[in-house]
1. So which of Ala263, Ala302 ends up being surrounded by 14 or more Cβ atoms within 10 Å (Cβ to Cβ), in contact with a Gly (Cβ under 8 Å, 6 or more places away or on another chain) and aliphatic (A, V, I, L, M)?
2. Here are some residues: Cys176, Cys131, Cys198, Cys141. Which one is among the hydrophobic types (A, V, I, L, M, F, W, C) and out of contact with any helix residue (DSSP H, G or I) (no Cβ under 7 Å at 6 or more places or on another chain)?
3. So which residues in the range 275-320 are of a type in the set (Ser, Thr, Tyr) and in contact (Cβ under 8 Å) with a residue 24 or more places away in the chain, if there are any at all?
4. Please pick out the residue among Val159, Val124, Val119 that is within 22 Å of Lys223 (Cβ to Cβ) and either in contact (Cβ under 8 Å) with a residue 12 or more places away in the chain or part of a helix (DSSP H, G or I) (or both).
5. Give the residue, chosen from Thr204, Thr230, that is surrounded by 15 or more Cβ atoms within 10 Å (Cβ to Cβ) and in contact with a Gly (Cβ under 7 Å, 6 or more places away or on another chain).
6. In the set Lys147, Lys96, which member is within 15 Å of Leu78 (Cβ to Cβ), in a helix (DSSP H, G or I) and basic (Lys, Arg)?
7. With respect to Glu278, determine if the residue is charged (D, E, K, R), within 26 Å of Asn226 (Cα to Cα) and surrounded by fewer than 19 Cβ atoms within 10 Å (Cβ to Cβ).
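The values are calculated or read from the model by the stated rules, or taken from the named source; none is laboratory data. The shown structure was predicted, so the numbers you read here are calculated from the model rather than taken from an experiment. No Cβ is skipped: glycine too gets one built from the backbone with ideal geometry, and neighbour counts run over all protein chains shown.
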Amino acid sequence: MRHLTSIKDLSDQEFRILVERAEHFKKLFKANDINETQKQHLKLLGKTVALIFSKRSTRTRLSSEGAAAYFGALPMFLGKEDIQMGVNESFYDTTKVVSSMVSCIFARVNKHSEIQELVAHSSVPVINSLCDKFHPLQAICDVLTIKEHLDYNKRKLKVAWVGDANNVINDMAIACLKVGIDVSVSSPVGIELDAEICEIAHSTAKSNNAKFVFTHNSTEAVKDANIVVTDTFISMGEEFAKVAKLKQFQGFQVNSELCSHAARDYIFMHCLPRHHEEVTEDIFYGEHSIVFEQASNRLFAAMAALDVFVVNKGDFSAGP
């Protein structure tokens, strides 16, 4: 049985298949062919998909529930106020019970160790829908979005990340490198990318004729970049440190001056929700921004994951 815990656990070809599968389902969804929709609806008809969410969510909940419904499954949302997990019942016991009644678990949790525990004890596929270390569904979505606007199969591209060295870039960096996109990550002094991620990024870059750089200079990172990306400076649970973190991130706001160093046809991406501290409104709502199309692609990333890991039981060679 296969689980989706991080992009690093996939081969380069497996990741490409997930992106292609997401692209395929987007075309089907947009075509609105009733016969094709009914065919897809039968894939998980009568099944239940659990959404175990320890954190609030907009895009992840919408896309996970929407993907489950598309294949005919009943999505069941289990928020932290709904179930006993980790409070009056152990993680182990909850995992055993929930997985005995569903066909898949989308898990949006606090710690990566919780994803690992779910994977260790679940009798059904677990799809990591965010933890403190990884966000694989976002990475699938992001690479699909890049492919649609600046096809990495036809030109050499560079992604510049400006901001915190967090869970989103951990998976996005590896994902982009797997398809041959150069990646430059910039974070303030005092913030370093996870050592394991750096090691994997360098080896992935080498095997895909790509470049990986980590720097504390945002201008250097953005120079000639085709894609400029940022995220919140203050992750959920870090609100208590807001003043100190904003001071640390001075000089890392994505604005017109910083983006003047990017390629002329650059695109701007952000996984949302956004705050004005990390990006100015003229960039976020400007002509280079594709943030809302990017957000909508979360649905098709979730569809791809469900199709491969649940419908096809982890067999990447099986067709959609």
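1. From the options Ala263, Ala302, the qualifying one is Ala302.
2. On the way: Cys176 fails: out of contact with any helix residue (DSSP H, G or I) (no Cβ under 7 Å at 6 or more places or on another chain); Cys131 fails: out of contact with any helix residue (DSSP H, G or I) (no Cβ under 7 Å at 6 or more places or on another chain); Cys141 fails: out of contact with any helix residue (DSSP H, G or I) (no Cβ under 7 Å at 6 or more places or on another chain).
Selected residue: Cys198, the only one of Cys176, Cys131, Cys198, Cys141 that is among the hydrophobic types (A, V, I, L, M, F, W, C) and out of contact with any helix residue (DSSP H, G or I) (no Cβ under 7 Å at 6 or more places or on another chain).
3. Thr280
4. Among Val159, Val124, Val119, only Val159 is within 22 Å of Lys223 (Cβ to Cβ) and either in contact (Cβ under 8 Å) with a residue 12 or more places away in the chain or part of a helix (DSSP H, G or I) (or both).
5. Details: Thr204 fails: in contact with a Gly (Cβ under 7 Å, 6 or more places away or on another chain).
None of the other options fit; the residue is Thr230.
6. Lys96
7. Numbers: charged (D, E, K, R): yes; within 26 Å of Asn226 (Cα to Cα): yes; surrounded by fewer than 19 Cβ atoms within 10 Å (Cβ to Cβ): no.
No; evaluated as a whole, the condition is false for this residue.
Here is a yes/no grid of residues against (1) assigned by the TED database to the domain that holds His112; (2) among the aliphatic types (A, V, I, L, M); (3) not in a strand (DSSP E or B):
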residue: Lys39; (1), (2), (3): yes, no, yes
residue: Ala50; (1), (2), (3): yes, yes, no
residue: Thr60; (1), (2), (3): yes, no, yes
residue: Leu78; (1), (2), (3): yes, yes, no
residue: Ile83; (1), (2), (3): yes, yes, yes
